[in-house]
Amino acid sequence: METVFSGIQPSGELHLGNYLGAVRTWVELQKSYRCFYCIVDYHAITQPYEPAEMPRRVREMAIDLLACGIDPERATLFVQSAVPEHTELAWALASVTPFGELGRMTQFKDKSEHHPDNINAGLFTYPVLQAADILLYGATRVPVGEDQRQHLELAREIVRRFNRRFGETFPEPQPLLSTVPRLKGLDGSAKMSKSKGNTLSITEPEAQVRAKIKVALTDPQRLRRNDPGRPEVCGIFTLHQCFSSAERIAWIDANCRSAVLGCVDCKKELADRVVEHFAPIRERLAALRARPDDLADVLATGKRRAGEIARPYS
């Protein structure tokens, strides 16, 4: 069985973009792979944050992941900072990582441009720690979207350089490319973001879910009910591809183009599907929050399992 590693920052509440872009895939992967899923709190501190809030954010993310279907009997769920070998290996890997390669990382350039007051060394060396996260567990597969593919390619280059210098130590991780369509924010912007308020939390009440979807942007050229639509540019249609059956998606596509289906009805149907999908997850969330000792046991077990594998590299 091949090994998969993936991580997620403790951003507080899990939102629709996180869930569709990563977590739902993780749930499926644990059926066929030996999976290590990490809450990467060290990565999170490269951005401005309130230190007193971080423990709560970590706990909330762990609860969300379990409620969404991560099974601690089939996957190892743990917190990055609980396994010190992550930062220890990152220092060793930094010695074989070219400075110029880090400077070419698109995410570093983007974050530096949009947050010029927070260009820190941790942000610059972020991909090195990310490589250490993956390599500690001998991961051969890493689920990635296009925005993380460059980081994985750098991790593969780091492996080659490290193995040439010190002997065969790590396998080269291969990408498991996401099949999830590129998700637009509910406001029509290029990406869902909690900071922009253009997404949904998986914990939001039904009324709020329906209200947000009701005012979400659709095809901007479809101004009247009888105007034919263009599903390929509509964020609501993209979300239908994630929540509706293949037959229903085909029906929506055809009837949107012919103006048989209006945007109001299309959004109402999507809201029904989203509410239905997340109802059992919200029930599991409530049950997990009522049993905090269970969460502590899961994370303690994950720390032990991850530590046993990581320790030989310390």
Q.
Here is a list: 119, 158. Which entry is more than 18 Å from the chain's Cα centre (by Cα), farther than 30 Å from residue 274 by Cβ and free of Cβ contacts under 8 Å to residues at least 12 places away in the same chain?
A. 119
Q) How about the range 194-222: which of its residues are outside any loop (DSSP other than H, G, I, E, B), open to solvent by 80 Å² or more (accessible area, probe 1.4 Å) and of a type in the set (D, E, K, R)? A) 206, 214
Q: Pairs only if they're at least six apart or on different chains, beta carbon under 8 angstrom, first in the range 188-212 and without any contact (Cβ under 8 Å) to a residue 24 or more places away in the chain, second basic (Lys, Arg); list them, first residue then second.
A: 189/196; 190/184; 204/212
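Out of everything in the range 227-260 that is among the acidic types (Asp, Glu) and within 22 Å of residue 185 (Cα to Cα), what residue ends up being surrounded by the most Cβ atoms within 10 Å (Cβ to Cβ)?
That would be 253.
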Q. Are any residues in the range 28-52 in contact (Cβ under 8 Å) with a residue 40 or more places away in the chain, part of a helix (DSSP H, G or I) and either surrounded by fewer than 19 Cβ atoms within 10 Å (Cβ to Cβ) or touching a strand residue (DSSP E or B) at 6+ places or on another chain (Cβ under 8 Å) (or both), and if so, which ones?
A. 29, 41, 43
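The values are calculated or read from the model by the stated rules, or taken from the named source; none is laboratory data. Because the structure is a prediction, the values reported are computed rather than measured. For neighbour counting, all protein chains shown are included, and Cβ atoms are generated from backbone atoms with ideal geometry for every residue, glycine included. When the accessible area is computed, the model is the full protein with side chains, heavy atoms only, and any ligands, DNA or RNA have been set aside. Shrake-Rupley method; radii C 1.70, N 1.55, O 1.52, S 1.80 Å.
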